[in-house]
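Take a look at the structure below.
The values are calculated or read from the model by the stated rules, or taken from the named source; none is laboratory data. Being a predicted model, the structure only gives us computed values, none of them experimental. A quick note on method: Cβ atoms are made from the backbone with ideal geometry, for glycine too, and the neighbour counts reach across all protein chains shown.
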Amino acid sequence: MRNLYIIGGFLGSGKTTMISKFTKRLLDKGKKVGVIVNDFSTPLVDERYLTQLGAQAEQVSGECVCHTTAAVNEALDKMKDKNEIFLEPIGTHLDVASAILPDVIPHAVDLVVRPVVILVDGKRLSEILKKDKAYILDFIFQQLQSADIIFVNKADLMNTDDIKDTTEFFEKKKAQFIFGSALNDENTDELFELLEGKSKWEEKKVGKDEQAIFTHYETYVKLQARMKWVNLYFSIKADHKIITDKIVRILKEKLKSDSYLGHLKMMVISKEGYVKLNLTRWDEEPQITEKVYLDKGEWKVIVNMRLKVDENLIDKAIEVLFDELSIYEIDIINKEVIIPLLKWGKFVRQE
Ligand SMILES: Nc1nc2c(ncn2[C@@H]2O[C@H](COP(=O)(O)OP(=O)(O)OP(=O)(O)O)[C@@H](O)[C@H]2O)c(=O)[nH]1
Ligand SMILES: [Mg+2]
């Protein structure tokens, strides 16, 4: 039997961090780990990072997994030899379990579906509850429909007021929830133990006669259309510290005042190592994971960014960025701005 763990949650809520922690534990126990990552385009920082850790990563790209169960089943077929399989849906997924499990369970009969975890960035939720970000709150509601377990992540960043506000929020929803921190391993042991149980979705014995449902189109469209997706991919000969500093500084400078950041992810990779950098709020310090043996050399740089912003502003920011980087030997492989829209139940790219 193979275990399937769905780890969902909004952009930057900590899905990849949580999956990487569990991946390391399971690899240490000699298990074979696979991860299905999902986003609109490639290459993906999350995929590269999880691969570096020793997991087999399969990408489902082009749309949310909640729209493309066939691609999920294909990815599962490629992981027949894996004991433990994680599925990380795109951060703007909706009710992912009800959207895919009725198709996945009859297809992959050797899978045990473990409790579906939906992560919520507790700090972001507290901020949203204070400000008027109803469209994101609507989205988080829909994501929580899938949850067997809600993990209120980033508890280390939350003050007493934040804890109080979010507790009231979840109590009103009559949802089961745990506070903790994927980064600092707070309550992750507890979560790991809970994952030994079975999902309510499996117990429902969903089968072929029950069609996968995809609800709340309007909420989905509204948020997808607002959160633009920016993908940059280039190679550059320079000091990796200079590259990462410049990229974050320029993007922050140009976008901070007129955008809402979902997540900025960056990975710079050479033959000798990598640097991964994440930012989920413009006013926080970037979180950096490093495994670098050499300071200089040629680096492949991947930037994945999701944010609510005017398109012209992104174009300008990218122009300035490449202008400043042009003093180094730089080869731009790909740059794209995607505005995911939903049309007749499918995403279309707006050119
Ligand atoms: N302070 C703090 N930061 C955390 C915690 N968990 C994750 N992070 C940070 O949050 C950022 C986003 O984490 P990811 O794991 O990449 O989030 P994600 O949900 O996979 O993001 P997307 O794939 O873009 O939707 C990273 O900088 C993490 O280091 C936590 O418990 N506390
Ligand atoms: Mg991720």
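The figures follow:
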| read-out | value |
| --- | --- |
| So K241, is it charged (D, E, K, R) and either surrounded by 21 or more Cβ atoms within 10 Å (Cβ to Cβ) or assigned by TED's automatic domain parsing to the domain that holds D156 (or both) | no |
| Residue within segment 119-126 that is farther than 18 Å from T280 by Cα and either in the same structural domain as S13 (by TED's automatic domain parsing) or surrounded by fewer than 18 Cβ atoms within 10 Å (Cβ to Cβ) (or both) present | no |
| Members of segment 23-43 that are surrounded by fewer than 22 Cβ atoms within 10 Å (Cβ to Cβ) and more than 14 Å from the chain's Cα centre (by Cα) | K24, R25, L26, L27, D28, K29, G30, K31, K32 |
| Qualifying residue in segment 336-347 (condition: loosely packed, with under 12 Cβ neighbours inside 10 Å, within 21 Å of T42 (Cβ to Cβ) and at pLDDT below 90) | yes |
| Failed condition for F22, given (1) at pLDDT 95 or above; (2) assigned to a strand (DSSP E or B); (3) within 13 Å of ligand 1 (Cβ to nearest atom) | (2) |
| Residue under evaluation L76, criteria (1) modelled with pLDDT of 90 or more; (2) touching a Pro at 6+ places or on another chain (Cβ under 8 Å), criterion not met | (2) |
| Scope segment 265-316; condition more than 21 Å from D239 (Cα to Cα), not hydrophobic (A, V, I, L, M, F, W, C) and not in a strand (DSSP E or B); matching residues | T280, R281, D283, E284, D310, E311, N312, D315, K316 |
| Where a residue in segment 61-78 is touching a residue at least 40 places away in the same chain (Cβ under 8 Å) and its partner, wherever it lies, is acidic (D, E) and assigned to a helix (DSSP H, G or I), with Cβ under 8 Å and at least six apart | T69/D103 |
| Residues of segment 77-106 that turn out to be closer than 18 Å to K198 by Cβ and either more than 16 Å from ligand 1 (Cβ to nearest atom) or surrounded by fewer than 18 Cβ atoms within 10 Å (Cβ to Cβ) (or both), as a count | 11 |
| Per-region count, segment 225-269, residues under 19 Å from G62 (Cα atoms) and β-branched (V, I, T) | 1 |
| In segment 121-142, residue nearest to ligand 2 (Cβ to nearest atom) [restricted to those that are within 26 Å of S199 (Cα to Cα) and at pLDDT 90 or above] | D121 |
| Among residues of segment 147-165, those that are more than 16 Å from ligand 2 (Cβ to nearest atom) and touching a strand residue (DSSP E or B) at 6+ places or on another chain (Cβ under 6 Å), counted | 6 |
| Any hit, segment 232-246, residues being outside any helix (DSSP H, G or I), at pLDDT 90 or above and under 21 Å from the mean Cα position of the chain (by Cα) | yes |
| Selection count where residues are assigned to a loop (DSSP other than H, G, I, E, B) and surrounded by 19 or more Cβ atoms within 10 Å (Cβ to Cβ), scope segment 44-67 | 4 |
| Residue within segment 142-155 that is under 23 Å from L129 (Cβ atoms) and over 20 Å from the mean Cα position of the chain (by Cα) present | no |
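To keep it simple, each residue is scored yes or no on (1) within 19 Å of the chain's Cα centre (by Cα); (2) modelled with pLDDT under 95.
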position	(1), (2)
V206	no, yes
D209	no, yes
V221	yes, yes
E253	no, no
